[in-house]
Each structure stands twice: as structure tokens, then as C-alpha cells.
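Encoded as C-alpha cells, the structure appears first; notes follow it.
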């Protein structure tokens, strides 16, 4: 998967699920983890005080790492998450684990959620954990048929294999906005899409083959309607422990600039942990 697991915290309690998830990942994948503390408001007078937020979080994290039996390292970086995380991860073969940073509502309103900015700047896979949802028993993997989700799908299969989790492959057939043969064929045959020779059908069959080759229980689910609304409905009703999606930044098409960032919008609901990864071609 990756050679490094980097977990980020700014000392807020909202990041504890990410630390717990990172500990589980390290133990399950037998990979050491590195916890990076973000000192976003450095003040020399508080470094040694018991109220210093990173001290409390680090203490809880060390306990979680020891309990999981995972090797770990700790470090502190000064600066805001939106600047430090992309710089710290750049060039690394890493999996980034983070949670909500507990920004004030006014800041979120004015500048948007931090996850959206980090997702745009970080090319590495990101596991966003607003809650823990462990053990991992049931995983939803979203497939769009264009191939941008392949990297996320491959990581998802490795995680599912480590946890022996059930994998459900989901695709949503949206209303036709451009009338061309492939779109019409998908729309007319959405109830048995995996049996068609469309790009989406091929993607679903390949996903099933990959998951079953890894010894996993896997199935396909197809929904019809607005993509965001249908994925949220599936998440809310499906009792999933992890949602895996591709990243819009996998694509260099102009479409990404004027369509919603579905992955970010779903992650920001804080309903379930979300794994997202950009598509990368194998060397």
C-alpha cells in the first residue's frame, strides 16, 4: 500500500478518532505510524503547561499505539494544518490520516472546511475519520466507470483483506445531461448494469473480480438519481464502516472545475470515515 502512515492532530479532541484509526491501520497493515502534532498557535509560555493541547493528545495517542502494538514516532510542526500537511507529505509514499480540526463555525463559513483545502493540495491518499467505526466489517466503494477510482479501490481491497470486511461496490446512474449512445445505454439498463458492456459495467465486473480474488465477500449495488443524494442515502441506510471514493483531482478535465466535489461534500457530513485517493498509473 504505502510505506508511511502519517496521522495529523492539532490537539483538538475531534482528531482522536483519526488517531484511533491510525493505530488500527498500523497494526492491521504491520506498518509503523508517525503522529505529527500541529502547533497552530505557538506560545513559548504554554509549552510546559498541562493545558498545552498537544501534550494531552500525545499522551492519549501513545496509549492507543501501545495498546494496538504498533511502532510509532512523534513529532511537532509549527503552522496551520492547511500549510503544514501538504508540505510534510510532499514526495512521500504515504497514507494521510486526519479528522475534523475543530475550526470555529465562523472560520468554516468564511474560508470553508479545512478538509477541502487539504484534499486539493495533497496528492497522497487521505483517510478522513470524523468517527472511528471499528472494527471494519462493511465497506462501500464508489465506482464511476472512468477509472479515476482505481487507486482508492485497490487500497480499499487491501484494507478489507486485512479486516476480512465485506465489500459493496456502488455506482450511481445520474439523469442524462448529454444525449449520446453510451449514456442512453447506461440509463436504460441501470438495474443490471454490471452485465452490460459499458465502461461502468466493465468497471463493476473488474472490481468484483479484484475483491473476490483477494478472498473477500463482494457484491454490486446500483442506484439511480442525483449522485450526491444517492450516495448519502446509501451511506445512511447501509451501516457502513468506511466509504472509499476516487478524487476529483485525479482528472485534469475542465469538468472538475464546475461540478461539485462529491467526495468532499460527503466527507464533510461526518457520517462515516472516508478514504479518498487520486488515480495514479503504475510505473
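The values are calculated or read from the model by the stated rules, or taken from the named source; none is laboratory data. Just so you know, these numbers come straight off a predicted model, no measurement behind them. Here Cβ is always computed from backbone atoms with ideal geometry, including for glycine, and neighbour counts include all displayed protein chains.
The set of residues in the range 18-41 being within 18 Å of residue 165 (Cβ to Cβ) and in contact (Cβ under 8 Å) with a residue 40 or more places away in the chain consists of 20, 21, 22, 23, 24, 25, 26, 27, 28, 29. Determine if the range 191-201 includes at least one residue that is out of contact with any helix residue (DSSP H, G or I) (no Cβ under 6 Å at 6 or more places or on another chain) and either within 15 Å of residue 154 (Cα to Cα) or at pLDDT 90 or above (or both). No, the range 191-201 contains no residue that is out of contact with any helix residue (DSSP H, G or I) (no Cβ under 6 Å at 6 or more places or on another chain) and either within 15 Å of residue 154 (Cα to Cα) or at pLDDT 90 or above (or both). Annotation note: of 17, 32, the sole residue that is more than 21 Å from residue 151 (Cβ to Cβ), modelled with pLDDT of 95 or more and surrounded by fewer than 18 Cβ atoms within 10 Å (Cβ to Cβ) is 32.
One line per residue, one yes/no per condition, for (1) in the same structural domain as residue 171 (by TED's automatic domain parsing); (2) under 14 Å from residue 166 (Cα atoms); (3) outside any helix (DSSP H, G or I):
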position	(1), (2), (3)
192	yes, no, no
203	yes, no, no
207	yes, yes, no
211	yes, yes, no
215	yes, yes, yes
230	yes, no, no
235	yes, no, no
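Would you be able to tell me the number of residues in the range 224-262 that are under 13 Å from the mean Cα position of the chain (by Cα) and either modelled with pLDDT of 90 or more or surrounded by fewer than 21 Cβ atoms within 10 Å (Cβ to Cβ) (or both)? Summing the residues that are under 13 Å from the mean Cα position of the chain (by Cα) and either modelled with pLDDT of 90 or more or surrounded by fewer than 21 Cβ atoms within 10 Å (Cβ to Cβ) (or both) in the range 224-262 gives 6.
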